[in-house]
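Computed from the coordinates by the stated procedures, all read-outs in this text should not be read as laboratory data. All values derive from a computational prediction rather than experimental measurement. Cβ atoms come from the backbone with ideal geometry, glycine included; neighbour counts cover every protein chain shown.
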Amino acid sequence: MNPKNRDALAQRVVKAAEAALAAQGYASSIDVLVGIGWLDAGKVEQWRRGQIDYLERVVQSNLPRISEAMKLFRSWAARRGLYASPTSYVARSPRRQTLRFSRSGDPTIEALYGTHWVSQELSERKRQRLAEKASRAPDLVVVQPLNREWKCHRCGKTGDLLMMENPGPACLGCVGLDDLEFLPAGDALLSRRAKAKSTRCAVVVRFSRTRRRYERQGLLVEPLALADAPSTFVDRPIPPDRSR
Ligand SMILES: [Zn+2]
């Protein structure tokens with residue numbers, strides 16, 4: 001890359017990284033790639049749902065330029081004296097697989113991509129909370145459809161609940177969540193406990209025509225988690241939740 005192009009790219013990278021840092025207290029590779037216009041936010045969403053095999057595939061630039069941009073991002077972070085926070089990216093899909101950034105899948109490159117650069121102005125506690133939140137697998141979302149005349153794009157059946165996939169709605173049998181039990185919203189403590197105990201879990205939402213938005217109806221959790229949850233919370237007082 002010639003020095004003039006490199007300078008121009010450096011300016012764009014710094015601008016995108018600074019904006020992310022100001023907005024959320026840290027900057028990630030994805031923030032930069034989206035910020036400089038090489039990566040479409042919709043594609044990131046698809047990748048996060050496990051529908052794109054590796055992120056570099058959908059970055060609108062060639063590998064040498066991407067790696068140059070990432071190098072510029074890291075030298076910006078070093079100049080700013082930011083903390084490196086390794087972050088794992090987990091797919092928002094029933095399989096919960098670790099997401100891949102690079103074509104090669106090389107662990108060193110993956111680690112570089114997954115590093116969030118965190119503001120040193122944040123307290124240790126706040127940095128830790130940010131790191132936990134970033135590494136947490138996003139909730140799966142299951143929809144209670146208003147219209148019952150839908151068909152699973154995989155098997156052609158229908159049902160009370162569906163999960164949106166790229167080609168269309170899928171039934172819970174096909175996404176492997178049909179053994180979960182519904183826990184209606186209302187008891188926040190019970191919900192939190194059951195969710196913590198359930199290795200697989202999904203949030204159930206339904207569209208409200210009057211409020212024109214999706215509203216949380218409850219959770220799908222593993223039957224065992226549901227069986228365990230009430231006794232633990234009846235017997236023992238739970239300290240107030242300070243996690244949020
Ligand atoms: Zn199906």
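Model label points for ARG80 and ARG206, set 7 angstrom from Cα along the Cα-to-Cβ axis, are 4.4 nm apart. Residues of region 112-152 with the amide nitrogen closer than 14 Å to a label point 7 Å from the Cα of GLU215, along Cα-to-Cβ, please. Zone members listed by number: 144, 146. One way to sum up the overall shape of the chain is the equivalent ellipsoid from its Cα gyration tensor, whose semi-axes run 38, 24, 15 Å, largest first. Mind checking which helices in the chain clear 18 Å along their axis (Cα) and have mean Kyte-Doolittle hydropathy of -1.0 or more, DSSP H runs only? Qualifying helices: 3-24, 63-80, 223-235. For ARG49, the amide hydrogen comes within under 5 Å of the amide hydrogens of ARG92, counting only partners 5 or more places away or on other chains and with H modelled in the peptide plane.
The Stokes-Einstein estimate for region 95-168, based on a Kirkwood radius over Cα pairs and taken at 10 °C with 1.306 mPa s viscosity, is a diffusion coefficient of 97 µm²/s. Near the amide H of VAL204, within less than 5 Å, lie the amide hydrogens of VAL142, GLN217, GLY218, LEU219, LEU220, all on another chain or at least 5 residues away, with H placed in the peptide plane.
Distances between placed amide hydrogens fall under 5 Å for TYR89 paired with LEU99, all partners being 5 or more residues away or on another chain.
Kirkwood Rh, Cα Rg: Rg to Rh for region 114-224?
Numbers: Rg = 17.2 Å, Rh = 16.1 Å.
We get a ratio of 1.07 for region 114-224.
Size check on region 62-188: the Cα extents along the three principal axes, sorted descending, read 57, 42, 22 Å.
Compute the FRET efficiency between GLN120 and VAL90 as 1/(1 + (r/R0)^6), taking r as their Cβ-Cβ distance and R0 = 25 Å, and round to the nearest 0.05.
Numbers: r = 27 Å, r/R0 = 1.07.
After rounding, the FRET efficiency stands at 0.40.
With the convex hull drawn over the C-alpha atoms of region 1-78, the volume per residue is 86 Å³.
Subtracting the Cα-Cα distance of ALA188 and LEU224 from their residue separation scaled by 0.36 nm leaves 11.1 nm.
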